[in-house]
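Report on the structure given below.
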Amino acid sequence: MSLKFFKPLHDFFPWLLQQLNVEQKGVFFFCFLGFLALLWFFISNSNKGLPPGPKALPLIGNLHSLDPELHTYFASLSQTYGPICRLWLGKKLGIIITSPALAREVLKDKDTIFANRDIPAAGREFSYGGNSILWTPYGPKWRMLRKVCVRDMLSSSTLDSVYALRRRELRQTISYFYNKAGSPVNVGEQMFLTILNVITSMLWDGTVKGEERASLGAEFRHVVTEMATCKIPNLSDYYPGLAWFDFQGVTKKMKVLVKRFDKIFDSMIDQRQKLDRNGVGQESKDFLQVLLKLRDEADAKMPLSMIELKALLMDMIIGGTDSTSNTIEFAMAEIMNKPAVLRKLQQELEAVVGKDNIVEESHIKQLPYLYAVMKEVLRIHPTAPLLVPHCPSETCTVGGYTVRKGSCVFINVWAIHRDPSIWKNPTEFCPKRFLDNKWDYSGNDFNYFPFGSGRRICAGIAMAERMFMYSLASLIHSFNWKLPEGETLEVTEKFGIVMKKKMPLVAIPTPRLSNPKLYE
Ligand code: HEM
(Lines give C-alpha, C1' and ligand atoms only; values in the text may rest on other atoms or scores of the structure.)
Protein backbone atom coordinates (compact mmCIF):
# COMPACT_ATOMS: atom_id res chain seq x y z
CA MET A 1 0.00 0.00 0.00
CA SER A 2 1.11 3.55 -0.47
CA LEU A 3 2.89 5.15 2.48
CA LYS A 4 2.28 8.63 1.11
CA PHE A 5 0.52 9.76 4.24
CA PHE A 6 3.74 9.29 6.26
CA LYS A 7 5.60 11.74 3.99
CA PRO A 8 5.65 14.70 6.39
CA LEU A 9 7.38 12.52 9.07
CA HIS A 10 9.65 10.99 6.44
CA ASP A 11 10.84 14.46 5.37
CA PHE A 12 11.48 15.51 8.95
CA PHE A 13 14.01 12.75 9.88
CA PRO A 14 16.73 13.44 7.24
CA TRP A 15 16.70 17.08 8.33
CA LEU A 16 17.12 16.07 12.01
CA LEU A 17 19.97 13.64 11.27
CA GLN A 18 21.89 16.30 9.30
CA GLN A 19 22.01 18.45 12.45
CA LEU A 20 23.76 15.71 14.57
CA ASN A 21 27.49 14.66 14.72
CA VAL A 22 28.52 10.93 14.51
CA GLU A 23 28.40 10.28 18.29
CA GLN A 24 25.06 11.99 18.69
CA LYS A 25 23.76 9.93 15.79
CA GLY A 26 24.89 6.71 17.58
CA VAL A 27 23.10 7.71 20.81
CA PHE A 28 20.03 8.71 18.84
CA PHE A 29 20.05 5.36 17.02
CA PHE A 30 20.27 3.28 20.25
CA CYS A 31 17.61 5.37 21.98
CA PHE A 32 15.38 4.90 18.99
CA LEU A 33 15.93 1.09 19.05
CA GLY A 34 15.14 1.02 22.79
CA PHE A 35 11.99 3.03 22.17
CA LEU A 36 10.89 0.58 19.44
CA ALA A 37 11.58 -2.43 21.72
CA LEU A 38 9.46 -0.88 24.48
CA LEU A 39 6.66 -0.16 22.06
CA TRP A 40 6.86 -3.70 20.74
CA PHE A 41 6.54 -5.01 24.31
CA PHE A 42 3.49 -2.87 24.99
CA ILE A 43 1.80 -3.70 21.71
CA SER A 44 2.30 -7.46 21.99
CA ASN A 45 0.85 -7.33 25.50
CA SER A 46 -1.95 -5.03 24.45
CA ASN A 47 -3.55 -7.75 22.28
CA LYS A 48 -4.60 -9.97 25.23
CA GLY A 49 -8.21 -11.13 24.89
CA LEU A 50 -8.61 -9.32 21.56
CA PRO A 51 -9.73 -11.10 18.39
CA PRO A 52 -6.94 -12.56 16.23
CA GLY A 53 -5.30 -10.43 13.54
CA PRO A 54 -2.12 -9.82 11.56
CA LYS A 55 1.11 -8.89 13.38
CA ALA A 56 1.35 -5.18 14.01
CA LEU A 57 4.47 -2.97 13.87
CA PRO A 58 5.31 -0.61 16.70
CA LEU A 59 3.77 2.81 16.32
CA ILE A 60 2.11 2.27 12.94
CA GLY A 61 0.32 -1.00 13.77
CA ASN A 62 -1.03 -2.46 10.52
CA LEU A 63 -1.26 0.81 8.61
CA HIS A 64 1.67 -0.20 6.37
CA SER A 65 -0.25 -3.18 4.94
CA LEU A 66 -3.68 -1.55 4.46
CA ASP A 67 -5.05 -1.79 0.94
CA PRO A 68 -7.11 1.24 -0.17
CA GLU A 69 -9.85 -1.19 -1.31
CA LEU A 70 -10.72 -1.79 2.35
CA HIS A 71 -13.82 -3.95 1.75
CA THR A 72 -11.94 -6.61 -0.27
CA TYR A 73 -8.86 -6.37 1.97
CA PHE A 74 -10.98 -6.91 5.10
CA ALA A 75 -12.74 -9.84 3.39
CA SER A 76 -9.35 -11.46 2.70
CA LEU A 77 -8.31 -10.94 6.36
CA SER A 78 -11.45 -12.73 7.53
CA GLN A 79 -10.50 -15.72 5.35
CA THR A 80 -7.28 -16.02 7.40
CA TYR A 81 -8.33 -14.89 10.88
CA GLY A 82 -12.04 -15.73 11.02
CA PRO A 83 -15.34 -13.82 11.27
CA ILE A 84 -14.04 -11.41 13.90
CA CYS A 85 -10.52 -10.04 13.61
CA ARG A 86 -8.49 -7.10 14.79
CA LEU A 87 -6.27 -4.52 13.14
CA TRP A 88 -4.18 -1.74 14.67
CA LEU A 89 -4.74 1.51 12.78
CA GLY A 90 -1.92 3.46 14.37
CA LYS A 91 -3.11 3.89 17.95
CA LYS A 92 -6.69 2.98 17.13
CA LEU A 93 -8.07 -0.55 17.40
CA GLY A 94 -10.13 -1.68 14.41
CA ILE A 95 -12.49 -4.67 14.71
CA ILE A 96 -13.77 -6.36 11.56
CA ILE A 97 -17.00 -8.38 11.67
CA THR A 98 -17.75 -10.73 8.77
CA SER A 99 -20.55 -13.11 9.79
CA PRO A 100 -24.32 -12.73 10.17
CA ALA A 101 -24.24 -14.18 13.72
CA LEU A 102 -21.66 -11.64 14.94
CA ALA A 103 -23.34 -8.78 13.03
CA ARG A 104 -26.52 -9.67 14.93
CA GLU A 105 -24.62 -9.66 18.25
CA VAL A 106 -23.29 -6.14 17.54
CA LEU A 107 -26.30 -4.53 15.84
CA LYS A 108 -29.15 -6.25 17.69
CA ASP A 109 -28.16 -7.96 20.96
CA LYS A 110 -25.72 -5.17 21.98
CA ASP A 111 -27.25 -2.39 19.90
CA THR A 112 -27.26 0.24 22.67
CA ILE A 113 -23.53 -0.27 23.33
CA PHE A 114 -22.64 -0.10 19.63
CA ALA A 115 -25.05 2.69 18.64
CA ASN A 116 -22.23 5.24 18.69
CA ARG A 117 -19.96 6.36 15.90
CA ASP A 118 -16.23 6.79 15.67
CA ILE A 119 -16.20 10.26 14.17
CA PRO A 120 -13.34 10.93 11.71
CA ALA A 121 -11.67 14.37 11.64
CA ALA A 122 -13.23 15.10 8.23
CA GLY A 123 -16.68 14.01 9.48
CA ARG A 124 -16.40 16.38 12.43
CA GLU A 125 -15.80 19.27 10.05
CA PHE A 126 -18.61 18.62 7.59
CA SER A 127 -21.14 17.94 10.34
CA TYR A 128 -20.67 21.28 12.14
CA GLY A 129 -18.56 19.73 14.91
CA GLY A 130 -20.37 16.35 14.95
CA ASN A 131 -23.90 17.81 15.14
CA SER A 132 -25.43 15.80 12.29
CA ILE A 133 -27.60 12.68 12.78
CA LEU A 134 -24.86 10.60 11.23
CA TRP A 135 -22.18 11.56 13.76
CA THR A 136 -24.08 12.63 16.89
CA PRO A 137 -23.46 10.14 19.75
CA TYR A 138 -26.40 7.96 20.73
CA GLY A 139 -28.51 9.84 23.31
CA PRO A 140 -31.37 12.35 23.66
CA LYS A 141 -29.97 14.80 21.08
CA TRP A 142 -29.54 12.09 18.44
CA ARG A 143 -33.10 10.87 19.19
CA MET A 144 -34.48 14.39 18.70
CA LEU A 145 -32.60 14.90 15.37
CA ARG A 146 -33.58 11.47 14.10
CA LYS A 147 -37.24 12.09 14.99
CA VAL A 148 -37.23 15.38 13.08
CA CYS A 149 -35.60 13.68 10.09
CA VAL A 150 -37.71 10.52 9.94
CA ARG A 151 -41.06 11.97 11.08
CA ASP A 152 -41.02 15.50 9.67
CA MET A 153 -38.86 15.15 6.58
CA LEU A 154 -38.63 11.59 5.27
CA SER A 155 -41.87 9.87 6.34
CA SER A 156 -43.99 8.23 3.63
CA SER A 157 -46.71 10.88 3.93
CA THR A 158 -44.25 13.78 3.63
CA LEU A 159 -42.58 12.11 0.67
CA ASP A 160 -46.00 11.61 -0.98
CA SER A 161 -46.70 15.31 -0.55
CA VAL A 162 -43.56 16.26 -2.53
CA TYR A 163 -43.93 13.77 -5.39
CA ALA A 164 -44.43 16.66 -7.83
CA LEU A 165 -40.83 17.78 -7.14
CA ARG A 166 -39.38 14.33 -7.85
CA ARG A 167 -41.46 14.11 -11.00
CA ARG A 168 -40.39 17.55 -12.24
CA GLU A 169 -36.68 16.80 -11.79
CA LEU A 170 -36.83 13.32 -13.30
CA ARG A 171 -38.82 14.52 -16.32
CA GLN A 172 -36.12 17.14 -16.92
CA THR A 173 -33.47 14.41 -16.92
CA ILE A 174 -35.47 12.21 -19.30
CA SER A 175 -35.89 15.17 -21.61
CA TYR A 176 -32.10 15.83 -21.41
CA PHE A 177 -31.39 12.21 -22.46
CA TYR A 178 -33.96 12.50 -25.26
CA ASN A 179 -32.17 15.56 -26.65
CA LYS A 180 -28.90 13.60 -26.50
CA ALA A 181 -30.39 10.53 -28.27
CA GLY A 182 -27.71 8.66 -30.25
CA SER A 183 -24.82 10.35 -28.34
CA PRO A 184 -22.88 9.10 -25.32
CA VAL A 185 -24.07 10.42 -21.94
CA ASN A 186 -22.55 10.08 -18.47
CA VAL A 187 -25.35 8.22 -16.67
CA GLY A 188 -23.99 8.56 -13.10
CA GLU A 189 -23.34 12.29 -13.45
CA GLN A 190 -26.88 12.96 -14.68
CA MET A 191 -28.41 10.82 -11.94
CA PHE A 192 -26.33 12.61 -9.30
CA LEU A 193 -27.65 15.97 -10.54
CA THR A 194 -31.22 14.64 -10.61
CA ILE A 195 -31.08 13.34 -7.01
CA LEU A 196 -29.31 16.48 -5.83
CA ASN A 197 -31.98 18.66 -7.44
CA VAL A 198 -34.73 16.52 -5.89
CA ILE A 199 -33.20 16.81 -2.43
CA THR A 200 -32.42 20.52 -2.62
CA SER A 201 -35.92 21.15 -4.05
CA MET A 202 -37.38 19.33 -1.06
CA LEU A 203 -35.20 21.42 1.24
CA TRP A 204 -35.92 24.89 -0.13
CA ASP A 205 -38.03 24.69 -3.29
CA GLY A 206 -40.28 27.57 -2.41
CA THR A 207 -37.22 29.61 -1.49
CA VAL A 208 -35.08 29.72 -4.60
CA LYS A 209 -36.10 29.75 -8.23
CA GLY A 210 -34.96 29.91 -11.85
CA GLU A 211 -31.32 30.41 -12.75
CA GLU A 212 -30.20 30.55 -9.13
CA ARG A 213 -31.52 27.00 -8.68
CA ALA A 214 -29.46 25.70 -11.61
CA SER A 215 -26.25 27.40 -10.49
CA LEU A 216 -26.73 26.06 -6.96
CA GLY A 217 -26.88 22.51 -8.41
CA ALA A 218 -23.49 22.91 -10.07
CA GLU A 219 -21.95 24.40 -6.91
CA PHE A 220 -23.22 21.56 -4.71
CA ARG A 221 -22.05 18.84 -7.06
CA HIS A 222 -18.57 20.28 -6.93
CA VAL A 223 -18.50 20.45 -3.14
CA VAL A 224 -20.04 16.99 -2.53
CA THR A 225 -17.59 15.39 -4.99
CA GLU A 226 -14.65 17.15 -3.32
CA MET A 227 -15.83 15.88 0.07
CA ALA A 228 -16.25 12.32 -1.18
CA THR A 229 -12.73 12.26 -2.66
CA CYS A 230 -11.06 13.59 0.48
CA LYS A 231 -8.01 11.59 1.61
CA ILE A 232 -8.63 8.24 3.36
CA PRO A 233 -6.86 7.12 5.49
CA ASN A 234 -6.24 10.29 7.46
CA LEU A 235 -3.36 10.20 9.98
CA SER A 236 -5.28 12.48 12.35
CA ASP A 237 -7.86 9.70 12.85
CA TYR A 238 -5.27 7.11 13.82
CA TYR A 239 -3.05 9.32 16.01
CA PRO A 240 -5.55 11.64 17.73
CA GLY A 241 -2.62 13.31 19.54
CA LEU A 242 -1.32 14.49 16.14
CA ALA A 243 -4.70 15.70 14.87
CA TRP A 244 -3.74 19.27 15.69
CA PHE A 245 -0.95 19.16 13.04
CA ASP A 246 -3.37 18.00 10.30
CA PHE A 247 -0.38 16.54 8.37
CA GLN A 248 -2.37 15.74 5.21
CA GLY A 249 -4.34 18.99 5.27
CA VAL A 250 -7.69 17.11 5.32
CA THR A 251 -9.24 19.27 8.05
CA LYS A 252 -8.08 22.45 6.34
CA LYS A 253 -9.62 21.38 3.03
CA MET A 254 -12.87 20.39 4.75
CA LYS A 255 -13.11 23.75 6.50
CA VAL A 256 -12.97 25.51 3.11
CA LEU A 257 -15.65 23.22 1.61
CA VAL A 258 -17.95 23.53 4.61
CA LYS A 259 -17.63 27.31 4.50
CA ARG A 260 -19.01 27.22 0.96
CA PHE A 261 -21.96 25.08 2.05
CA ASP A 262 -22.50 27.30 5.05
CA LYS A 263 -22.73 30.43 2.90
CA ILE A 264 -25.39 28.78 0.74
CA PHE A 265 -27.32 27.59 3.82
CA ASP A 266 -27.19 31.09 5.34
CA SER A 267 -28.47 32.64 2.17
CA MET A 268 -31.33 30.08 1.86
CA ILE A 269 -32.32 30.55 5.51
CA ASP A 270 -32.22 34.32 5.14
CA GLN A 271 -34.40 34.25 2.00
CA ARG A 272 -36.88 31.85 3.61
CA GLN A 273 -37.18 33.95 6.78
CA LYS A 274 -37.82 37.07 4.68
CA LEU A 275 -40.55 35.27 2.68
CA ASP A 276 -42.17 34.02 5.89
CA ARG A 277 -42.06 37.47 7.50
CA ASN A 278 -43.79 38.94 4.44
CA GLY A 279 -46.37 36.13 4.48
CA VAL A 280 -45.30 34.93 0.99
CA GLY A 281 -45.06 31.22 0.02
CA GLN A 282 -47.16 29.93 2.91
CA GLU A 283 -48.68 27.19 0.77
CA SER A 284 -45.36 25.76 -0.51
CA LYS A 285 -44.03 23.91 2.52
CA ASP A 286 -40.39 23.09 1.92
CA PHE A 287 -38.30 21.36 4.62
CA LEU A 288 -36.51 24.55 5.50
CA GLN A 289 -39.83 26.14 6.37
CA VAL A 290 -40.78 23.08 8.46
CA LEU A 291 -37.41 23.13 10.25
CA LEU A 292 -37.51 26.85 10.99
CA LYS A 293 -41.01 26.43 12.38
CA LEU A 294 -39.83 23.51 14.54
CA ARG A 295 -36.95 25.65 15.73
CA ASP A 296 -39.32 28.40 16.82
CA GLU A 297 -41.60 25.92 18.58
CA ALA A 298 -38.92 23.52 19.90
CA ASP A 299 -39.53 22.20 23.36
CA ALA A 300 -37.21 24.14 25.69
CA LYS A 301 -35.60 20.95 27.04
CA MET A 302 -34.25 20.03 23.63
CA PRO A 303 -34.21 23.07 21.35
CA LEU A 304 -33.15 22.73 17.71
CA SER A 305 -30.20 25.10 17.37
CA MET A 306 -29.28 26.82 14.10
CA ILE A 307 -26.12 24.67 13.93
CA GLU A 308 -28.21 21.47 14.27
CA LEU A 309 -30.64 22.75 11.65
CA LYS A 310 -27.78 23.31 9.20
CA ALA A 311 -26.24 19.92 10.09
CA LEU A 312 -29.62 18.33 9.24
CA LEU A 313 -29.58 20.02 5.82
CA MET A 314 -26.06 18.66 5.36
CA ASP A 315 -27.22 15.13 6.37
CA MET A 316 -29.84 15.16 3.63
CA ILE A 317 -27.41 16.30 0.95
CA ILE A 318 -24.38 14.18 1.90
CA GLY A 319 -26.40 11.09 2.98
CA GLY A 320 -28.85 11.08 0.11
CA THR A 321 -27.07 12.07 -3.12
CA ASP A 322 -24.04 9.86 -3.84
CA SER A 323 -25.58 6.79 -2.14
CA THR A 324 -28.68 6.76 -4.36
CA SER A 325 -27.11 7.90 -7.64
CA ASN A 326 -24.18 5.44 -7.38
CA THR A 327 -26.67 2.59 -6.82
CA ILE A 328 -28.62 3.63 -9.93
CA GLU A 329 -25.37 3.74 -11.93
CA PHE A 330 -24.37 0.23 -10.78
CA ALA A 331 -27.88 -1.00 -11.61
CA MET A 332 -27.72 0.39 -15.15
CA ALA A 333 -24.28 -1.21 -15.71
CA GLU A 334 -25.41 -4.62 -14.38
CA ILE A 335 -28.62 -4.51 -16.43
CA MET A 336 -26.78 -3.58 -19.64
CA ASN A 337 -24.45 -6.51 -18.93
CA LYS A 338 -27.43 -8.87 -18.84
CA PRO A 339 -29.74 -8.33 -21.86
CA ALA A 340 -32.18 -10.94 -20.49
CA VAL A 341 -32.71 -8.81 -17.34
CA LEU A 342 -33.18 -5.67 -19.46
CA ARG A 343 -35.78 -7.45 -21.63
CA LYS A 344 -37.67 -8.74 -18.61
CA LEU A 345 -37.75 -5.29 -17.01
CA GLN A 346 -38.99 -3.67 -20.20
CA GLN A 347 -41.68 -6.34 -20.61
CA GLU A 348 -42.89 -5.73 -17.06
CA LEU A 349 -42.98 -1.97 -17.68
CA GLU A 350 -44.81 -2.40 -21.00
CA ALA A 351 -47.47 -4.52 -19.30
CA VAL A 352 -48.01 -2.13 -16.38
CA VAL A 353 -47.26 1.32 -17.88
CA GLY A 354 -47.50 0.77 -21.65
CA LYS A 355 -45.43 2.28 -24.45
CA ASP A 356 -47.93 5.13 -24.89
CA ASN A 357 -47.43 6.30 -21.36
CA ILE A 358 -44.73 7.52 -18.99
CA VAL A 359 -43.82 5.93 -15.64
CA GLU A 360 -45.40 7.47 -12.55
CA GLU A 361 -44.38 6.72 -8.99
CA SER A 362 -47.79 5.10 -8.43
CA HIS A 363 -46.77 2.29 -10.86
CA ILE A 364 -43.90 1.17 -8.66
CA LYS A 365 -45.94 -1.10 -6.39
CA GLN A 366 -46.99 -3.12 -9.44
CA LEU A 367 -43.41 -3.84 -10.57
CA PRO A 368 -42.10 -6.86 -8.59
CA TYR A 369 -39.26 -7.61 -11.00
CA LEU A 370 -37.96 -4.03 -10.73
CA TYR A 371 -38.07 -4.40 -6.93
CA ALA A 372 -36.03 -7.61 -7.22
CA VAL A 373 -33.48 -5.77 -9.40
CA MET A 374 -33.09 -3.08 -6.74
CA LYS A 375 -32.56 -5.66 -3.99
CA GLU A 376 -30.01 -7.55 -6.08
CA VAL A 377 -28.03 -4.37 -6.84
CA LEU A 378 -27.97 -3.54 -3.14
CA ARG A 379 -26.78 -7.07 -2.40
CA ILE A 380 -23.92 -7.17 -4.85
CA HIS A 381 -22.87 -3.50 -4.56
CA PRO A 382 -24.00 -2.28 -1.10
CA THR A 383 -23.43 1.47 -1.13
CA ALA A 384 -21.79 1.51 2.31
CA PRO A 385 -19.77 -1.75 2.13
CA LEU A 386 -18.59 -1.50 5.76
CA LEU A 387 -21.73 0.36 6.94
CA VAL A 388 -20.74 3.55 8.77
CA PRO A 389 -18.27 2.36 11.46
CA HIS A 390 -19.84 1.80 14.88
CA CYS A 391 -18.08 2.47 18.18
CA PRO A 392 -18.80 0.75 21.55
CA SER A 393 -19.48 3.08 24.48
CA GLU A 394 -18.07 0.47 26.91
CA THR A 395 -15.73 -2.52 26.76
CA CYS A 396 -17.69 -5.70 26.01
CA THR A 397 -17.32 -9.10 24.36
CA VAL A 398 -18.31 -10.15 20.86
CA GLY A 399 -17.98 -13.79 19.79
CA GLY A 400 -16.16 -14.41 23.08
CA TYR A 401 -13.43 -11.80 22.35
CA THR A 402 -12.90 -8.46 24.04
CA VAL A 403 -13.94 -5.37 22.09
CA ARG A 404 -12.62 -2.29 23.82
CA LYS A 405 -14.50 0.93 24.40
CA GLY A 406 -13.74 3.39 21.59
CA SER A 407 -12.71 0.77 18.97
CA CYS A 408 -13.71 1.34 15.38
CA VAL A 409 -16.05 -1.52 14.39
CA PHE A 410 -16.40 -2.29 10.68
CA ILE A 411 -19.26 -4.60 9.68
CA ASN A 412 -18.35 -6.01 6.29
CA VAL A 413 -21.83 -6.25 4.79
CA TRP A 414 -20.23 -6.45 1.32
CA ALA A 415 -18.50 -9.74 2.25
CA ILE A 416 -21.62 -11.16 3.96
CA HIS A 417 -23.63 -10.38 0.80
CA ARG A 418 -21.13 -12.46 -1.21
CA ASP A 419 -20.74 -15.36 1.21
CA PRO A 420 -21.13 -18.60 -0.82
CA SER A 421 -22.54 -20.41 2.23
CA ILE A 422 -25.53 -18.00 2.14
CA TRP A 423 -25.85 -17.10 -1.54
CA LYS A 424 -25.80 -19.40 -4.57
CA ASN A 425 -23.38 -18.06 -7.24
CA PRO A 426 -22.80 -14.95 -5.12
CA THR A 427 -20.86 -12.95 -7.73
CA GLU A 428 -23.58 -13.39 -10.36
CA PHE A 429 -26.11 -10.59 -10.82
CA CYS A 430 -29.36 -12.52 -10.59
CA PRO A 431 -32.51 -10.54 -9.55
CA LYS A 432 -34.57 -13.76 -9.69
CA ARG A 433 -33.22 -14.77 -6.27
CA PHE A 434 -35.30 -11.96 -4.71
CA LEU A 435 -38.57 -12.74 -6.47
CA ASP A 436 -39.98 -14.91 -3.69
CA ASN A 437 -39.76 -12.00 -1.19
CA LYS A 438 -37.69 -14.18 1.13
CA TRP A 439 -35.23 -11.41 1.90
CA ASP A 440 -35.97 -7.89 3.01
CA TYR A 441 -33.70 -5.09 4.13
CA SER A 442 -35.66 -3.93 7.16
CA GLY A 443 -32.65 -4.79 9.34
CA ASN A 444 -34.02 -8.02 10.82
CA ASP A 445 -32.11 -10.36 8.53
CA PHE A 446 -28.34 -10.42 9.07
CA ASN A 447 -27.69 -12.23 5.80
CA TYR A 448 -28.94 -9.16 3.91
CA PHE A 449 -28.83 -5.64 5.36
CA PRO A 450 -27.63 -3.01 2.84
CA PHE A 451 -29.16 -0.18 4.94
CA GLY A 452 -27.65 -1.42 8.22
CA SER A 453 -29.69 -2.50 11.22
CA GLY A 454 -30.65 -1.45 14.73
CA ARG A 455 -30.91 2.09 16.05
CA ARG A 456 -28.51 3.57 13.49
CA ILE A 457 -30.19 1.98 10.44
CA CYS A 458 -30.36 4.35 7.43
CA ALA A 459 -32.82 7.18 8.03
CA GLY A 460 -33.59 7.59 4.32
CA ILE A 461 -34.78 4.13 3.23
CA ALA A 462 -38.22 5.33 2.09
CA MET A 463 -36.64 8.13 0.03
CA ALA A 464 -33.94 5.84 -1.44
CA GLU A 465 -36.56 3.26 -2.51
CA ARG A 466 -38.73 5.84 -4.22
CA MET A 467 -35.90 7.61 -6.00
CA PHE A 468 -34.19 4.40 -7.09
CA MET A 469 -37.30 2.62 -8.40
CA TYR A 470 -38.86 5.66 -10.05
CA SER A 471 -35.59 6.73 -11.74
CA LEU A 472 -34.55 3.28 -12.94
CA ALA A 473 -38.04 2.46 -14.23
CA SER A 474 -38.11 5.75 -16.18
CA LEU A 475 -34.63 5.24 -17.70
CA ILE A 476 -35.36 1.67 -18.77
CA HIS A 477 -38.90 2.33 -20.02
CA SER A 478 -38.05 5.49 -21.96
CA PHE A 479 -34.86 4.29 -23.73
CA ASN A 480 -32.88 1.41 -25.11
CA TRP A 481 -29.26 1.66 -23.99
CA LYS A 482 -26.02 0.62 -25.66
CA LEU A 483 -22.30 1.26 -25.20
CA PRO A 484 -20.31 3.54 -27.53
CA GLU A 485 -18.43 1.65 -30.30
CA GLY A 486 -15.35 -0.21 -29.03
CA GLU A 487 -16.21 0.25 -25.33
CA THR A 488 -16.51 -2.72 -22.98
CA LEU A 489 -18.75 -2.84 -19.94
CA GLU A 490 -17.27 -3.36 -16.50
CA VAL A 491 -18.69 -3.12 -13.00
CA THR A 492 -15.50 -2.69 -10.96
CA GLU A 493 -15.98 -0.99 -7.59
CA LYS A 494 -13.91 1.72 -5.94
CA PHE A 495 -13.98 1.72 -2.14
CA GLY A 496 -15.19 4.74 -0.19
CA ILE A 497 -17.53 5.26 2.78
CA VAL A 498 -19.90 5.48 -0.19
CA MET A 499 -18.69 3.00 -2.80
CA LYS A 500 -18.74 4.03 -6.44
CA LYS A 501 -18.14 2.58 -9.87
CA LYS A 502 -14.44 2.77 -10.74
CA MET A 503 -15.08 3.89 -14.33
CA PRO A 504 -18.13 6.10 -14.99
CA LEU A 505 -20.86 4.48 -17.06
CA VAL A 506 -21.08 6.24 -20.41
CA ALA A 507 -23.92 4.92 -22.59
CA ILE A 508 -26.03 5.89 -25.62
CA PRO A 509 -29.82 6.26 -25.17
CA THR A 510 -32.31 5.56 -28.00
CA PRO A 511 -35.92 6.61 -27.38
CA ARG A 512 -38.45 3.72 -27.38
CA LEU A 513 -41.80 5.30 -26.48
CA SER A 514 -44.50 5.75 -29.12
CA ASN A 515 -44.78 9.55 -29.07
CA PRO A 516 -42.08 12.30 -28.87
CA LYS A 517 -44.50 14.31 -26.70
CA LEU A 518 -43.88 11.76 -23.92
CA TYR A 519 -40.35 13.17 -23.58
CA GLU A 520 -41.33 16.80 -23.08
C1 HEM B 1 -29.35 3.45 -1.92
C2 HEM B 1 -29.42 4.40 -1.02
C3 HEM B 1 -28.90 4.32 0.40
C4 HEM B 1 -28.22 3.34 1.06
C5 HEM B 1 -27.79 1.96 0.52
C6 HEM B 1 -27.97 3.81 2.41
C7 HEM B 1 -27.31 3.08 3.38
C8 HEM B 1 -27.02 3.56 4.66
C9 HEM B 1 -26.25 2.84 5.64
C10 HEM B 1 -25.64 1.46 5.44
C11 HEM B 1 -26.19 3.63 6.76
C12 HEM B 1 -25.44 3.30 8.06
C13 HEM B 1 -26.18 2.29 8.90
C14 HEM B 1 -25.36 1.81 10.07
O15 HEM B 1 -24.39 2.45 10.44
O16 HEM B 1 -25.67 0.76 10.64
C17 HEM B 1 -26.92 4.86 6.48
C18 HEM B 1 -27.08 5.88 7.38
C19 HEM B 1 -27.79 7.03 7.10
N20 HEM B 1 -28.45 7.34 5.92
FE21 HEM B 1 -28.56 6.16 4.28
N22 HEM B 1 -28.52 5.07 2.54
C23 HEM B 1 -29.10 5.42 1.35
C24 HEM B 1 -29.80 6.58 1.07
C25 HEM B 1 -30.08 7.57 1.98
C26 HEM B 1 -30.90 8.73 1.74
C27 HEM B 1 -31.66 9.00 0.42
C28 HEM B 1 -30.88 9.50 2.87
C29 HEM B 1 -31.57 10.82 3.17
C30 HEM B 1 -32.00 11.68 2.30
C31 HEM B 1 -30.05 8.80 3.85
C32 HEM B 1 -29.77 9.27 5.13
C33 HEM B 1 -29.03 8.58 6.06
C34 HEM B 1 -28.75 9.10 7.40
C35 HEM B 1 -29.21 10.44 7.98
C36 HEM B 1 -27.97 8.12 8.07
C37 HEM B 1 -27.44 8.17 9.49
C38 HEM B 1 -28.38 7.45 10.43
C39 HEM B 1 -27.90 7.49 11.89
O40 HEM B 1 -26.69 7.45 12.14
O41 HEM B 1 -28.76 7.52 12.78
N42 HEM B 1 -29.58 7.64 3.26
N43 HEM B 1 -27.42 4.78 5.19
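If R0 is 45 Å, what FRET efficiency do you get for Thr488 and Gln19 from their C-beta distance, rounded to 0.05? Rounded to the nearest 0.05, the efficiency is 0.20.
For Asp205, the amide hydrogen comes within under 5 Å of the amide hydrogens of Phe287, counting only partners 5 or more places away or on other chains and with H modelled in the peptide plane. Just list whichever of Lys338/Lys365; Lys293/Lys405; Lys180/Lys424; Lys147/Lys501; Lys48/Lys375; Lys180/Lys438 have alpha carbons separated by over 30 Å in the model shown. Over 30 Å apart, Cα to Cα: Lys293/Lys405; Lys180/Lys424; Lys147/Lys501; Lys48/Lys375; Lys180/Lys438. In plain terms, the C-alpha convex hull of the stretch 44-155 casts an average shadow of 9.2 nm² when viewed from every direction.
Ligands, DNA and RNA are left out, and with a 1.4 angstrom probe the accessible area of the stretch 364-520 is 41 Å² per residue. Select from Leu367, Met316, Asn326 the residue farthest towards the positive end of the dipole of the stretch 301-378; place +1 on Cβ of Lys and Arg, -1 on Cβ of Asp and Glu, and compute about the Cα centre. Positive-end residue among those listed: Leu367. The protection proxy used here, the mean number of other Cβ atoms lying within 10 Å of each residue, ranks peptides 358-364, 123-129 as follows, highest first: 123-129, 358-364.
Separation of the stretch 432-507 from the stretch 62-81 is 24 Å, based on Cα centroids. Placing unit charges on the Cβ atoms of the charged side chains and taking the dipole of the chain about its Cα centre, the candidate lying farthest along the positive direction among Asn357, Gly452, Phe32 is Phe32. Split the accessible area of the chain by element, probe 1.4 Å, and carbon with sulfur accounts for 58%.
Ranked by the mean number of other Cβ atoms within 10 Å of their residues, highest first, the peptides 163-174, 457-468 come out as 457-468, 163-174. Computed over neighbours whose Cβ is under 12 Å from that of Leu378, the net charge equals -2, Lys and Arg +1, Asp and Glu -1.
Here the stretch 353-397 is treated with +1 on each Lys and Arg Cβ and -1 on each Asp and Glu Cβ, and its dipole about the Cα centre works out to around 160 debye.
Calculate the dipole size of the chain relative to its Cα centre from +1 charges on Lys and Arg beta carbons and -1 charges on Asp and Glu beta carbons; express the result in debye to the nearest 20. Using only the charged Cβ atoms, the result is roughly 660 debye.
Farthest towards the positive end of the charge dipole of the stretch 364-520, among the residues Met463, Gly496, Gly486, is the Cα of Met463, using unit charges on the Cβ of Lys, Arg, Asp and Glu.
Per-peptide packing, taken as the mean over residues of other Cβ atoms within 10 Å, places 130-141, 477-488 in the sequence 130-141, 477-488 from highest down.
Note on Gln347 and Asn515: their simple-model spin labels are 2.7 nm apart, each label 7 Å out from Cα toward Cβ.
Overall shape: prolate for the chain, with the ratio a/c of the largest to smallest alpha carbon gyration tensor axis at 1.5 or above and a/b above b/c.
The values are calculated or read from the model by the stated rules, or taken from the named source; none is laboratory data. The model shown is predicted, which means the values in this text are computed figures rather than measured ones. Glycine gets a Cβ as well: all are built from the backbone with ideal geometry, and neighbour counts include every protein chain shown. The accessibility values were calculated without ligands, DNA or RNA, using every heavy atom of the protein model including side chains. Shrake-Rupley method; radii C 1.70, N 1.55, O 1.52, S 1.80 Å.
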